[in-house]
Number of protein chains: 2
Amino acid sequence: MGRHSAPLGVTSIDGELDENVLLELLDAFHGYEAALMSNDLEALDLYFAPGPSTLRGDPSALLVGHDRISAFRGLRGGVPPRTITEVHLRVVAGSSPLAVLVVSVSVPAKGGSGLQTQLWTRTADAEERAADTAGAIAAGPAWVISAAHVHGATPAVDGRVWRVAGAPLVPAAASGPLDGATVAVKDLFAVAGFAIGGGVPQYLAEAPLETVDADAVAALRRAGATVVGIAQTDEFAYSIAGRNVHSGTTPNPAVPGAIGGGSSSGPASAVALGQATIGLGTDTGGSIRVPASYQGLWGIRTTHGAVSAEGLLPLAPSFDTVGWLTRTPEMLRAAAAATLPSGAGAALDARFVVSHDLVASCAPEVQEAFDELTDELVFGLVEDVDLGDLDEVFAAFRTVQGAEAWRVHGEWITAHPGVLGPDIAERFELGSRITPDAEAAARQVLAAARDRFDEVLAGRVLLLPSASSAAPQLTASADEIATVRAATLRMTSVAGAGGFPAVSAPLLRVPAPGGTAPVGLCLVGPRGSDLALIDLATTVAAQITA
Amino acid sequence: MGRHSAPLGVTSIDGELDENVLLELLDAFHGYEAALMSNDLEALDLYFAPGPSTLRGDPSALLVGHDRISAFRGLRGGVPPRTITEVHLRVVAGSSPLAVLVVSVSVPAKGGSGLQTQLWTRTADAEERAADTAGAIAAGPAWVISAAHVHGATPAVDGRVWRVAGAPLVPAAASGPLDGATVAVKDLFAVAGFAIGGGVPQYLAEAPLETVDADAVAALRRAGATVVGIAQTDEFAYSIAGRNVHSGTTPNPAVPGAIGGGSSSGPASAVALGQATIGLGTDTGGSIRVPASYQGLWGIRTTHGAVSAEGLLPLAPSFDTVGWLTRTPEMLRAAAAATLPSGAGAALDARFVVSHDLVASCAPEVQEAFDELTDELVFGLVEDVDLGDLDEVFAAFRTVQGAEAWRVHGEWITAHPGVLGPDIAERFELGSRITPDAEAAARQVLAAARDRFDEVLAGRVLLLPSASSAAPQLTASADEIATVRAATLRMTSVAGAGGFPAVSAPLLRVPAPGGTAPVGLCLVGPRGSDLALIDLATTVAAQITA
């Protein structure tokens, strides 16, 4: 409201500006807006003040420094068409060079409204120029932005995170310890009244409406939690990247400019964004641990078979597990306690071991942060153990996973050529070519590995990073993603082969563009120790952060 | 990311500040934050610079002037608990008095993150004070905010607007003229796979899942539109306020601080917020025209019976009509054309009439704006007509509406005492007491009125304001809302009694706190003239805004 027609399109002005200087400022303001509309990256860079102090904030992140802002713009792909409807100028009294706060309202062509607050400063050489600012871009604008805060219109739901959401989508079934908790359900679980989409719109279109909640959903609802919505997943959960060709890349609020990780991508982002308190996910080869690690969340992959998979669209049943992502260890424990069969919690021998062979899969900065942290642990002797040929285990894991995934989804995929993204399609295609002999051999390797792990670990807790690196940048190529994936899966496949529970706790930080980024500390315990493992991780966290 | 521990909790600083001055600023910054957390309105008022130039923007509105900001705070009811995790200071060079832009990141206790940009200015008398700022509030803070831009964490869906939403919730059924359009469906229409909630959670909890789309939903989907979600409504659509005791008051982006109107409240807000292109609603006694008027949208109540009510939860079937809310007349026409039976469009005699008796129901500023606009109309002679005793018509409308509403919902309401909000409950209770004789007499009055209207209007188009006033403020009491409701319903009941189509076009503006607010120009045409009426309104809009 209140669109006053003031001179030169200015809605209000407070403070004095020479008319030529005002024209010069408005020229820069509108020049910047034009550069935004045409996504002229070079011009946009010039309109932002150089140096490490320049600020730009929006609902996804606060970026500090001209170059980070520039890098962000390179990834953004432009601003949707909009019209400026109000411009308020506030001259900062006595400033030298002149500084003006410009607050403007924009109306996107698609409706709604946006707001831009920009601190503009007159450049040092502007006074020496002619009032005629034609060609100002080439010479550099007469005014530049040293800080900006912007927001646009909000969509009904963020489709990168949610397939469907409600207020709530499904109420709690009873009152209990999870009263007030809200759940983002990965789109692999049955929610009564909805179909399972598995991250593939074509699959969703053909899927029947479920009539009964998946056991894991029902357990949370019985404990008092409401379902906020059904959250996105990588296609058929066969990825740890969080990049779905249909719904897009889920945001990572912990590391602006980086991927969020998957395949429990939607639940993870929903929790990180504060849109849910519990992300209900699955972890076959890292699909909870990896997004927890990338986004600084708590997460657990439960003991294989400990949580019912009834109502779950499988990927590879020999490894599929149910688990949760949360912001706090207390909420993680509450979700686990509400779901795991009561009395199932094994006690835990709180001695730690590490496998330097496993940690060697990690990026150097992750190894360094991990080593520093394990050195700090004052309780629980940290012993180095030999887990055997981990490359062989990883290869066997991949083989069995691929063969099972093809048995689950191959028929549908064959009937729907071209529906899946190229990387996921290739993964399934590899699975289709695994021979029964190769699969049987791989199963033998895994069985031997499981026995060996049980013997070597001897009831102790294996510590390792949850992922081989911090979250890769959005600019990462498919090859880079594949490399990180292989390094991470080599690490996560130990819990997969052993059927072990694994908690990811956000206790490591590594250098990243513009600051630091989280990496999870992973605690792998004996089968059945799920609750005790969460408690131990909580104790470790308290010790580390004390 | 990047939470550096800098001295005094400052993450970064650019520019020079004397240490005592810095302490003084941080004292004000943290004092303001503490006042926010305790919702100390008096302190908050002191921390914002006085005068008409002070700015405060957030995703709901940009407010200009200290007093408007103060009034907003009085309604807000506090800020959820949060922790400041980053503070960036940017000293504005050479400013006098000193000015510092403070950009801070906050993490709400419920997760997610927020961002605050504040331009702080040192007050004139701050230099004369002791460095000890104890008691600063009482004396007025040493630094005040002259402009602020803030945003908090975004919920998965805005529950004031949506019951459930998806990306999309339901895809289009075919490609057609509405390709790319997105629909917010009022929670009175059947959407296959979902129950109808009618704005009453307890009713929703007991309602069966619909198996077939309502005809009005199916028509839009067949024409290419996708369903974004099911949007909120006033309880059983029996209100024009947009204040649902369960889901809250829908936002009005066109008039910050005002109600949004109803009962098609969710669809209207969704369209105004840019979250949908078409709001599918119903209008019994104004439930499309009123929110269109309050929020500056286009809307149509169609000819009674012209659009199938199959799959619609009724309120008062003698008056219930289906219609749409849009941002543009083109989209309104497209939605209507996709739904109305082809060839049903009657031609229109583009002569205008007004009823000063009707317009007299309006607030003086609405009458004035209406008179100015009708004076401007260069085509179509505007004749004053006598529609008879409009109080009698309104009373009869209310009687029949109340009796029918009770027949539809009385049994359920009786079985669920205490579920409805007090104003809606009272309305139904009045309906329960209408005798068959009183209803029969009212129907006779309405039949006579319909004949009289047909005769007096003689195929011409009646012009009137869509509502008796601009959107009432959020602070309006139940009594004030009731008064506005009666004045508006007296006007809207003409179309109700006549079964006439009525288009609301956002062509009037009236003074409102802090600027102006929209009011709709309503065009009431002969039965069956729906499409021609939209076309005529479009022509009028082009003439008015030219």
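How large, in percent, is the carbon and sulfur part of the accessible surface of the range B:162-545 at a probe radius of 1.4 Å?
Values: 7090 of 12830 Å².
Roughly 55 percent of what the probe reaches on the range B:162-545 is carbon or sulfur.
Across the copies of the chain, B:D357 has label points (7 Å from Cα along Cα→Cβ) spaced 9.6 nm apart, shortest distance listed first. Here A:A486 and B:A478 are evaluated by their C-beta separation; at R0 = 60 Å the FRET efficiency comes out at 0.40. Pairing chains A and B buries close to 4600 square angstrom of accessible surface in total, based on protein heavy atoms and a 1.4 angstrom probe. Shown in residue order for the range B:21-35 are the 3J(HN,Hα) couplings computed by the Karplus curve 6.51 cos²θ - 1.76 cosθ + 1.60 at θ = phi - 60°: 5, 4, 4, 5, 5, 5, 4, 5, 4, 6, x, 5, 4, 5, 5 Hz (x for Gly and Pro). Within chain A, antiparallel bridges make up roughly 75 percent of the DSSP beta bridges whose residues both belong there. Shortest first, B:T475 label-point distances to identical copies amount to 5.2 nm, with the label point at 7 Å from Cα along Cα→Cβ. Close amide H contacts of A:G65 (hydrogens built in the peptide plane, cut-off under 5 Å, sequence separation of 5 or more or a different chain): A:T54, A:L55, A:R56.
Only alpha carbons enter this Debye calculation for the range A:7-151, each as an equal point scatterer, and the log10 of I(q)/I(0) it gives at q = 0.09, 0.18, 0.19, 0.22 Å⁻¹ is -0.25, -1.10, -1.24, -1.67. Computed about the Cα centre, the dipole magnitude for chain B is approximately 1200 debye when only Lys and Arg (+1) and Asp and Glu (-1) carry charge, each at its Cβ. Atom-type composition of the exposed protein surface of the range B:7-151 places 56 percent of the accessible area on carbon and sulfur (1.4 angstrom probe). Ranked from shortest, the separations from the 7 Å Cα-to-Cβ label point of B:G51 to its equivalents in the other copies are 2.7 nm. The accessible area of A:F352, taken with all protein chains in place and a 1.4 Å probe, comes to roughly 0 Å².
Over the Cα atoms of chain B, compute the convex hull volume and normalise it per residue, giving Å³.
Values: hull volume 91.1 nm³, N = 546.
Dividing the Cα hull volume of chain B by its residues yields 167 Å³.
Per-residue SASA remark: A:L536, around 20 Å² accessible (1.4 Å probe; ligands, DNA and RNA not included).
Placing a pseudo-label 7 Å from each Cα along the Cα-to-Cβ vector at A:A448 and A:D67 gives an inter-label distance of 5.0 nm. A loss of 50 Å² or more of accessible area (1.4 Å probe, protein heavy atoms, ligands and nucleic acids excluded) relative to the isolated chain is seen in these residues of the range A:74-97: A:R90, A:V92. Estimated from helical segments only, the mean residue ellipticity of chain B at 222 nm is -11000 deg cm²/dmol, where each DSSP H run of four or more residues counts as -39500 (n - 2.57). For B:V91, the shell of other residues with beta-carbons less than 14 Å away shows a net charge of -3, using +1 for Lys and Arg and -1 for Asp and Glu.
What dipole magnitude, in Debye to the nearest 20, does the range A:7-151 give about its Cα centre under +1 on Lys/Arg Cβ and -1 on Asp/Glu Cβ?
Working: 9 positive and 17 negative charges, 151 e Å.
For the range A:7-151, the charge dipole is close to 720 debye.
Taking the charge dipole of chain B about its Cα centre, with +1 at Lys and Arg Cβ atoms and -1 at Asp and Glu Cβ atoms, the residue from B:I69, B:A258, B:P417 reaching farthest to the positive side is B:P417.
For the range A:7-151, what does the relative contact order come out to in percent, with C-alpha contacts under 8 Å and a separation of six or more?
On the way: 253 pairs, mean separation 40.2, N = 145.
Relative contact order here is 28 percent.
Entry comment: accessible area of the range A:162-545 is 33 Å² per residue, from protein heavy atoms only and a probe of 1.4 Å. Relative contact order for chain A: 12 percent, from Cα pairs under 8 Å spaced at least 6 residues apart, divided by residue count. Between the alpha-carbon centres of the range A:262-292 and the range B:432-503 there is a gap of 53 Å.
On a per residue basis, the range B:7-151 carries 41 Å² of accessible surface, using protein heavy atoms and a 1.4 Å probe. Once the C-beta distance of A:A174 and A:Q202 is scaled by a Förster radius of 30 Å, the resulting FRET efficiency is 0.25 to the nearest 0.05. Charge tally for B:G345 (other residues, Cβ to Cβ under 11 Å; Lys, Arg +1; Asp, Glu -1): -1. A viscosity of 1.306 mPa s and a temperature of 10 °C, combined with the Kirkwood radius over Cα pairs in Stokes-Einstein, give a translational diffusion coefficient for the range A:262-372 of 104 µm²/s.
Given the convex hull of the Cα atoms of the protein assembly as shown, what is a quarter of its surface area in nm²? All intermediate terms of the calculation are to be shown ahead of the outcome.
Numbers: hull surface 177.9 nm².
Hull-based average projected area comes out at 44.5 nm².
Could you work out the local net charge near B:T483, counting Lys and Arg as +1, Asp and Glu as -1, over the other residues with Cβ closer than 14 Å to its Cβ? Cβ neighbours under 14 Å give a net charge of -1.
The values are calculated or read from the model by the stated rules, or taken from the named source; none is laboratory data. Please read these numbers as outputs of a predicted model, since none were measured by experiment. Please note: Cβ atoms are built from the backbone with ideal geometry, for glycine as well, and neighbour counts cover all protein chains shown. For the accessible areas, the whole protein counts, side chains as well, though only heavy atoms, and no ligand, DNA or RNA atoms are used. Shrake-Rupley method; radii C 1.70, N 1.55, O 1.52, S 1.80 Å.
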